[in-house]
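Here is the structure we will look at, set down as structure tokens.
The values are calculated or read from the model by the stated rules, or taken from the named source; none is laboratory data. These figures come from a predicted structure and were not determined experimentally. Don't worry about glycine lacking a Cβ; one is built from the backbone with ideal geometry, like all the others, and counts go over all protein chains shown.
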């Protein structure tokens, strides 16, 4: 590059699949060329745990071809740490990746990033709360960048009836980091001829953020989206709902009514009135402990109510089918894809049942030998998983799942149901016995329910970790009438951090190790 050619402005865009990073790059390049600026863009495709991540890199000379006498400058193809003027991230953890790789510098970089989250598979699969700490990423962004422009781009796009990439383009223009006018960017969007109104609306929304105009953006769409009407709680629409509600209001303090109503309604929706009554019967045995203390501390009942409601509505194939065919879910999917009332939405559900799922609905005398047969050779389980693609936007596809959801009457005869009820009763018995030793100890035993979730191998690992903690800590403490709240918490945290159980094994070994005697002074 000639000495009198200005240094190029460098832009790095970190986007995920489906967010239009390529279109955004194309808009910037086209607008730059329209304005007469030398520009070059490259993309580096990558693989991430969320739809694939791609990095786009742009170098744009702030002077026009006329100003540099039509010379063609040599521009770089790849970004270099410490040499990026504008870093753009379409999601918060992508912001963290850009910072971690050194592309955000406190002496030069403007960071334009969205604060919304799209959770990675590792976060979703964690036994406990596996979410990355958003506050740490935001703090790092503000300390590492020279200047930041952070806002929820997903919400801004939804409010404008547009998509994220047009909002980002508007933010770039509004921030004034490129020598390209607003009209040029808008002309570029118009010339592309795709969703022009929506993209211009998104551009305007982003431009307002870029200029620092904090305004309430109104929805700008030519269609009316279906309102997000919440589904009525089961206890309000079921014939047995009034009687259950009356019992809750009579048996529990006012502060617990919303929680117990929600959990009881969940069990009513999951199975039937008899099952909801069983939920209240079980909860009453714990509430009696708090009631006897007469100190107005209902923490044990509150935490048990929450976990009991979740445990009694465990996920099986019947529950999955029930949830996937709900009108409220279908309406939510339509809202997420921004479908107009007269638009058809094709929806395909992917299911992959295996031996565990089939055995869960069989009577115990049939399920047990089948599961033992499968356990002898784990590869058998892998071979028996059946991949199913069910089009729930078609009549027959929808009816298949509705028929499966309608098998609730059979659930009580299934192996999984009977095993779950045994485990729930065992857990509640531990809670009641622990309460006689110490309240904090009982609360930690209640929290052990967090280990048991999902189905298949996930459920098996969680149940196994639960049993290990009970055998190694809870039962010995109960036998000795010695509270062990801290030990239970430490072991539970280890199990949640590592579902495979290695960390838990080390933790249990440490807790079991004798405390060394102090050396004589």
task = Report the residue count in the range 389-406 for those that are in contact with a strand residue (DSSP E or B) (Cβ under 9 Å, 6 or more places away or on another chain) and surrounded by 13 or more Cβ atoms within 10 Å (Cβ to Cβ).
result = 8
task = Within the range 146-178, track down each residue that is assigned to a helix (DSSP H, G or I) and under 17 Å from residue 108 (Cα atoms).
result = 172, 175
request  = Quick one: which residue in 345, 320 is touching a strand residue (DSSP E or B) at 6+ places or on another chain (Cβ under 8 Å), over 30 Å from residue 434 (Cβ atoms) and either in a loop (DSSP other than H, G, I, E, B) or not assigned by TED's automatic domain parsing to the domain that holds residue 456 (or both)?
outcome  = 320
remark   = Of the residues in the range 455-487, those that are in a loop (DSSP other than H, G, I, E, B) and touching a helix residue (DSSP H, G or I) at 6+ places or on another chain (Cβ under 7 Å) come to 455, 483, 484
message = As an exercise: evaluate residue 80 against (1) in contact with a strand residue (DSSP E or B) (Cβ under 7 Å, 6 or more places away or on another chain); (2) over 14 Å from residue 6 (Cα atoms) and give the number of the one condition it does not meet.
response = (1)
ask   = Within the bounds of the range 40-47, is there any residue that is assigned by TED's automatic domain parsing to the domain that holds residue 67, touching a strand residue (DSSP E or B) at 6+ places or on another chain (Cβ under 7 Å), at pLDDT 85 or above and buried (at least 16 other Cβ atoms within 10 Å of the Cβ)?
value = yes
query = Just wondering, is there one or more residues in the range 259-267 that are surrounded by fewer than 17 Cβ atoms within 10 Å (Cβ to Cβ) and not in a helix (DSSP H, G or I)?
reply = no
request  = Mind counting the residues in the range 325-338 that are touching a residue at least 12 places away in the same chain (Cβ under 8 Å), at negative phi and in a loop (DSSP other than H, G, I, E, B)?
outcome  = 2
task = Working carefully through the options 95, 109, 90, find the one that is buried (at least 22 other Cβ atoms within 10 Å of the Cβ), more than 21 Å from residue 211 (Cβ to Cβ) and either modelled with pLDDT of 90 or more or in contact with a helix residue (DSSP H, G or I) (Cβ under 7 Å, 6 or more places away or on another chain) (or both).
result = 95
inquiry  = Among the residues of the range 293-303, are any farther than 30 Å from residue 428 by Cα, part of a helix (DSSP H, G or I) and in contact with a helix residue (DSSP H, G or I) (Cβ under 8 Å, 6 or more places away or on another chain)?
reply    = no
request  = Could you tell me whether the range 37-49 includes any residue that is in contact (Cβ under 8 Å) with a residue 40 or more places away in the chain and under 27 Å from residue 181 (Cβ atoms)?
outcome  = yes
ask   = For residues in the range 1-39 being assigned to a loop (DSSP other than H, G, I, E, B), modelled with pLDDT under 90 and touching a helix residue (DSSP H, G or I) at 6+ places or on another chain (Cβ under 6 Å), which is surrounded by the most Cβ atoms within 10 Å (Cβ to Cβ)?
value = 19
Breaking point among (1) crowded, with 17+ Cβ neighbours inside 10 Å; (2) modelled with pLDDT under 95, for residue 287 = (2)
